[in-house]
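Data block below; observations after.
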Amino acid sequence: MIGYGFMGAAHSQGWRVAPRFFDLPAQPSMSVVVGRNSGAVTAAAAKWGWEEAATDWREVIARDDIDIVDIVTPGDTHAEIAIAALEAGKHVLCEKPLANSVAEAEAMTDAAARAAERGVRAMVGFTYRRVPAATLARDLVAAGRVGEIRQVRASYRQDWLSDAEGPLTWRLQKERAGSGALGDIGAHAVDLSEYITGLRLQSVSGILDTIVTERPLLAEGIGLSGTASAERGAVTVDDVAIFSGRYGSANGAYAPLGTFEATRFATGRKNALRIEVSGSLGAVAFYLERMNELDFFDATLPPTEQGFRKILVTEPDHPYVGAWWPAGHMLGYEHGFSHQVVDFVTAIAEQTQPHPSFADGLHVQRVLDAVERSSATGSSWVPIQS
Ligand code: SOE
C-alpha cells in the first residue's frame, strides 16, 4: 500500500479484516506500506499490521513478492504510480477520484487495458458502491422495482470547511487534489448515482464557487488536525459544486435529469451522501448517515398502503451482510473497505474485470471536467465524451 493517511487506515482495516470474515479464493498478506517519512510510515506499519515499511515505492513495485499495489496517496501521484505498477504486472486498486485530470485518467485507463490483456486487474476505490444498502438500491432498480427512471437527486454535503480559519490542507490545493468538493465528494455522488441507476451521464451544466478564498498555511501535520501557521495562502479549488446532468436512456426509455450538490460548507451535515431515484413504479433513497437503512416506495401497492418504508439492511440475505454478525446487527463506515477487498481479490482470482474499472473512473473524471468547463463558460451544457 502506497500512502498512509486517512485512506491508508481505512484500506488497512479492509485488508486485515476481509480475509477473517469472508471465504476468499486467495489469501492476501499485508506485506509493505510505503511513505516518504520513514519514522511515520514505520509507526503506521506497526499500528495497522503491515509486515514492513518502506520509503521508495519504485523499489517496492519492482519486487517479485508483491502482486497487488493499493494507492491511497493524494491525486497528484495516482497516475505515475498506477501506470508504473500496471506495467510491472501488479494488480492495482487506486483511490478515487482516479486522477487529477482527464489526460492522466486516459493514460491510466490505457495502461489498465494493456495490463488486462495479461490478466492484470485495475479498480477504482469508489467504496460506497459496497455499502450493503447502496448495493441493495441498485439491485432493486435493476430488478425493475422502481420502473422507468424519471429523476435522480444526488447530494454529498459535509461541513468540515465551515471554519474559515481551518488550515489549507492538500485537499484545498488544485495541484495536489485536482479539484475541491467536486472531485473529493461530488465524484462519489456521480459514481453512486450511476451505479444505482445503471445509467451514465451524457451532459452536464454547473457552477463552482469558492466561499473562503484564503486560509492559514499548515505549519505541521497534513490534515485538519495539523497546526496553522501565521502565514496565509490561497484556496485554489471549489468549496461548492452545484450541477445538473442528463443521463443516457436505457433501451429507448426516457433520459432522466439528475441534480447534484457537493459541498463542504453544509453547516451541520457531516457525511451526508444521499441518492434518491424516482421511477414510474416506485422510488429508492439511500442516505449514508443512515447507512444500515434503505428507503423504498412501492407505487404498485394500493394507495391506502403506500408510503416510503424503511428496509433495515441487516439481514443475512442482504448484499455482503451474511458474512458478518447475526441478523439485525449493524455495519459501519469501515465495512465498505472490506467488501472492496473481497470483490477485488475475487476478481483477481477468478480472472474477471472488477468494478468500478479505470474506464469507469475515467468517465467520472470526464464528468468532473465537464462541470468545471461549464462553470468557466457560464453554465452552458457540456457533453461528456464517451
Ligand atoms: C473528505 O471530504 C472525505 O474523506 C473524502 O475524501 C472521502 O472520499 C469521503 O468518503 C469522505 O470524506
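Local charge sum around Leu331 (other residues, Cβ-Cβ under 13 Å, Lys/Arg +1, Asp/Glu -1)?
My count for the surroundings of Leu331 gives -1.
So if I average 1/r over every pair of distinct C-alpha atoms in the chain and take the inverse, what Kirkwood radius in Å does that give?
Over the chain, the inverse of the mean reciprocal pair distance is 21.6 Å.
Whole number please: convex hull volume per residue of the Cα set in the range 209-354, in Å³?
About 227 Å³ per residue, rounded to a whole number.
Let me spell out the model: positive unit charges on the Cβ of Lys and Arg, negative unit charges on the Cβ of Asp and Glu, origin at the Cα centre of the range 146-198. What dipole size does that give, in debye rounded to 20?
So the dipole magnitude of the range 146-198 works out to roughly 100 debye.
Which listed residue (Gly282, Asn271, Val313) has the Cα farthest towards the positive end of the charge dipole for the range 268-318, taking +1 on Lys and Arg C-beta and -1 on Asp and Glu C-beta about the Cα centre?
Asn271
Of the beta bridges DSSP finds with both residues in the chain, what % are antiparallel, to the nearest 5?
The antiparallel fraction comes to roughly 70 percent.
Just add up the charged neighbours of Asp343: K/R +1, D/E -1, any other residue whose Cβ is under 11 Å from the Cβ of Asp343.
Combined, the nearby Lys, Arg, Asp and Glu give +2.
Would you please report the Å³ per residue occupied by the convex hull of the alpha carbon atoms in the range 271-338?
103
Can you give the local net charge around Pro383? Use residues other than it whose beta-carbon is closer than 13 angstrom to its beta-carbon, Lys and Arg +1, Asp and Glu -1.
Charge balance in the 13 Å sphere: +3.
Which lysines, if any, have their Cα less than 17 Å from the Cα of Lys96, not counting same-chain residues under 8 positions apart?
Here the lysines satisfying the reach criterion relative to Lys96 are Lys174.
Mean residue ellipticity at 222 nm from the helices of the chain, using -39,500 (n - 2.57) per DSSP H segment of n ≥ 4 over the full residue count, to the nearest 500 deg cm²/dmol?
-9500 deg cm²/dmol
Rounding to the nearest 20 debye, state how big the charge dipole of the chain is about its Cα centre with +1 on each Lys and Arg Cβ and -1 on each Asp and Glu Cβ.
Value, rounded to 20: 580 debye.
Which value, in debye to the nearest 20, gives the size of the charge dipole of the range 239-386 about its Cα centre, when Lys and Arg are +1 and Asp and Glu are -1 at the Cβ?
440
Could you check how many percent of all C-alpha pairs in the range 6-125 are farther apart than 23 Å?
Tail of P(r) above 23 Å: 29 percent of Cα pairs.
Quick note: the coordinates plus some simple rules give every number you see, no bench work behind them. Everything quoted here is computed from the prediction, not taken from an experiment. Counting neighbours? That spans all protein chains shown, and the Cβs are built from the backbone with ideal geometry, glycine included.
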